[in-house]
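Novice: This is the structure I have questions about; it appears just below.
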Amino acid sequence: MRDSEYDRAGRGRRRRFDDDEPRHLKHLPKVSEPSDVDGPETGDRWSTWDLSQAGERGPQPYPDWVVTELAAVDTELGIVKTGKEADVFLVRRGVPDTDRQCLLAAKRYRSTEHRMFHRDVGYLEGRRVRESRTNRAMAKRTGFGREMIAGQWAAAEFAALYRLWEVGVQLGVRVVPYPVQILGTELLLEFLGTADGEAAPRLAQLRPDGAELTDLWHQAVEALVVLARCGLAHGDLSPYNILVDDGRLVLIDLPQVVDVVSNPHGARIVNRDVRNVATWFAARGLAGIDADELTRELLREAGIR
């Protein structure tokens, strides 16, 4: 039986997660574009840093590694990850003929017809805009409403990363990548990985035990506490959207972040996030995890219990 027939028969095992998880970059063919006499001599485009407004750039002070020079150019090096809502590309931003450069993860939300936002009703409760016409369109999922909903994901993720970074700095911990800037539906974030472009592994790819397992659990709890102090729940937390960068646990993929105070399902979503992560650690032999007690502690941190 051919593979296609086997798939149609429904007897093949389906992957639980349908986004790619490459450790090394996959290169896509370049799309030819009209020549631009004002474009850079090298790279794919001029740095977009100056195109983002003050509120669309990361928290100050900017880290030293962030390239803010207007002479910088952006060079796309390949795709890091594909997902339901967005694709993540590796971009090098640097000033030509100097050693001033950095690697960025460019998260680009897909066009409306290619987005596959799932279970968005529960996450969007508590997110409202001022115009009643827009709210009605979003509720009815009209074409305009779907476009407005999709536009909220990138903005919500950037705002959450910004807030979590600031609170993390106050507490002396890093729980998210630094959000460099947002431009439309493209987020430019700190790239987590090696200098040659190998992405940091997801927690799900690791097999820690002993002291390493315990340390990662403590870091996971620490990250959940930072979320709670911001009044937020990740909304879709699992070992597949947690990276471990040189021993440091970092949360990624936060477009479905939930305000646990204004969202009527907030407490339930917090508990689900906790259980998703706790189950993974318990399955690897970590004893003494009480998901319900941790949920109660997080809700107290958020000020709603």
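Novice: Starting from the stretch 284-296, keep only residues that are assigned by TED's automatic domain parsing to the domain that holds R268, then list their pairs with residues that are assigned to a helix (DSSP H, G or I) and of a type in the set (F, W, Y) whose Cβ atoms are within a distance under 6 Å, requiring at least 6 positions of separation or different chains.
Specialist: The qualifying pairs are L286/W217.
Novice: Would you pick out the residues in the stretch 169-221 that are among the acidic types (D, E) and surrounded by fewer than 19 Cβ atoms within 10 Å (Cβ to Cβ)? Give the steps one after another, and end with the answer.
Specialist: Narrowing the stretch 169-221 to residues among the acidic types (D, E): 186, 190, 196, 198, 209, 212, 215.
Hits for the stretch 169-221 are E186, D196, E198, D209, E212, D215.
Okay, residues lined up against (1) closer than 26 Å to A155 by Cα; (2) touching a residue at least 24 places away in the same chain (Cβ under 8 Å):
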position	(1), (2)
G172	yes, no
V175	yes, yes
G210	no, no
L213	no, yes
H234	yes, yes
I242	yes, yes
N271	yes, yes
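Conditions tested, residue by residue: (1) crowded, with 19+ Cβ neighbours inside 10 Å; (2) of a type in the set (V, I, T).
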position	(1), (2)
D246	no, no
V260	yes, yes
H265	no, no
V277	yes, yes
A291	no, no
E297	no, no
A302	yes, no
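Novice: Then there is this: Within the stretch 1-120, which strands (runs of 3 or more DSSP E) (wholly inside it) include 3 or more residues that are more than 21 Å from A159 (Cα to Cα), of a type in the set (D, E, K, R) and at pLDDT 80 or above?
Specialist: Working: elements: 73-82, 86-94, 101-109.
In the stretch 1-120, the matching strands (runs of 3 or more DSSP E) lie at 73-82.
The values are calculated or read from the model by the stated rules, or taken from the named source; none is laboratory data. Treat the numbers as computed from the prediction; the structure is a model and nothing was measured. Every residue, glycine among them, receives a Cβ derived from its backbone with ideal geometry; neighbour counts consider all protein chains shown.
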